[in-house]
Amino acid sequence: MAIWVREANAASMSELRVHRVPQRVRASVDGATIVDTTSAVLVWEPRRVVASYAVPVSDLAASLEPPSSHEAHEHAVRMDAGMPPVLDPSSGFGVHTTAGSAYDVRTASRSLPGAAFAPDDPALRDHVVLDWAAFDAWFEEDEEMVGHPHDPFSRIDCLRSSRHVVISVDGQVLADSRRPVMLLETWLPVRYYLPWEDVSQDLLTPTETTSVCAYKGTAAYWSATTEAKTHRNIAWSYAEPRHDALPVRDLVAFFDERVDRVVDGVPLDRPVTPWS
């Protein structure tokens, strides 16, 4: 009997998952290097979609102290309709789903509340998992990273296509293109990135919203206004994409969860994701 890989991967999310990485990992606070290790481990706590770095305590230029009082709230989302709820990065680092002990990280300049977690699992003996957001900058080798650690089991693939893509909302066409770039990203629906020339730009208004993707970089957003309503932050674009996302530079994509799509004459269902 064949096993669907997506379903097998989804089933493993209920477990504590770890993976050693070969690259040197560093992190800084207030200009000082606090983490410098070649023995980092990626850690996905149960139900976590995004990994965190665990590093040997001996490679941490800081002390660990009993945790100060702080709150962390769980935010469960569905990656698609067939998966159980999981925790995305909007669930704070302080939400832990495996047994262990939390610590504050005391550097020479300040304390980072709850920024370290020592799981009880023997595979992570003498390691602490670190809160990415508590540090000012992270580097893998000499490349500065953004958002969260890269997942070696996830990837981005950008494919130029001649499919006919029509995007509409409230019965009004927002885009009509025969030259999309399809961006395929693990766990997410296919995104169609379209040239601005094929987009109804008069219906779009830029917003101040931005977001950061570890793989694609920083996105800017646009709202669409139809006769019926204004759809906030329904489209986005990357002016300076990172690495594998370079083919979508200055193209625009729409949240498939919030628009109606017809591809090669076939209407597509709206996917169920955290952005639905």
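The values are calculated or read from the model by the stated rules, or taken from the named source; none is laboratory data. Just so you know, these numbers come straight off a predicted model, no measurement behind them. Reconstructed Cβ throughout: ideal geometry from the backbone, glycine too, with neighbour counts over all protein chains shown.
Miscellaneous remarks
- Here is the figure for the range 199-215: residues that are acidic (Asp, Glu) and closer than 14 Å to residue 248 by Cβ total 0.
- Residue within the range 191-205 that is touching a Phe, Trp or Tyr at 6+ places or on another chain (Cβ under 7 Å) and either acidic (Asp, Glu) or over 24 Å from residue 264 (Cβ atoms) (or both) present: yes
- So residue 228, is it out of contact with any helix residue (DSSP H, G or I) (no Cβ under 7 Å at 6 or more places or on another chain), touching a residue at least 24 places away in the same chain (Cβ under 8 Å) and under 19 Å from residue 259 (Cα atoms): yes
- Applying the criterion of being aromatic (Phe, Trp, Tyr) and modelled with pLDDT of 95 or more to the residues of the range 208-246, the residue that is surrounded by the fewest Cβ atoms within 10 Å (Cβ to Cβ) is 221.
- Residue count, the range 162-190 (criterion: exposed (fewer than 15 other Cβ atoms within 10 Å of the Cβ), among the small types (Gly, Ala, Ser) and in contact with a Phe, Trp or Tyr (Cβ under 8 Å, 6 or more places away or on another chain)): 0
- Some residue of the range 78-94 being at positive phi and either among the β-branched types (Val, Ile, Thr) or in contact with a Pro (Cβ under 9 Å, 6 or more places away or on another chain) (or both): no
- Applying the condition of being of a type in the set (Val, Ile, Thr) and buried (at least 18 other Cβ atoms within 10 Å of the Cβ) to the range 105-148 and asking which residue is nearest to residue 57 (Cα to Cα) yields 128.
- Only listed residue being in a strand (DSSP E or B), within 16 Å of the chain's Cα centre (by Cα) and either outside the structural domain of residue 85 (by TED's automatic domain parsing) or not charged (D, E, K, R) (or both), chosen from 224, 219: 219
- Scanning the range 1-36 for residues that are within 20 Å of residue 64 (Cα to Cα) and touching a Ser or Thr at 6+ places or on another chain (Cβ under 9 Å) returns 25, 26, 27, 29, 30, 31, 32, 34, 35.
- Checked against the criterion of being modelled with pLDDT under 95, buried (at least 18 other Cβ atoms within 10 Å of the Cβ) and touching a helix residue (DSSP H, G or I) at 6+ places or on another chain (Cβ under 6 Å), the range 191-207 has no qualifying residue.
- Lone qualifier among 131, 142 - being touching a strand residue (DSSP E or B) at 6+ places or on another chain (Cβ under 8 Å) and of a type in the set (Asp, Glu): 131
- Of all residues in the range 73-111, those satisfying the criterion of being small (Gly, Ala, Ser) and within 30 Å of residue 257 (Cα to Cα) are 76, 81, 82, 90, 91, 92, 94.
- Residue within the range 20-37 that is out of contact with any strand residue (DSSP E or B) (no Cβ under 6 Å at 6 or more places or on another chain), in a loop (DSSP other than H, G, I, E, B) and within 30 Å of residue 275 (Cα to Cα) present: no
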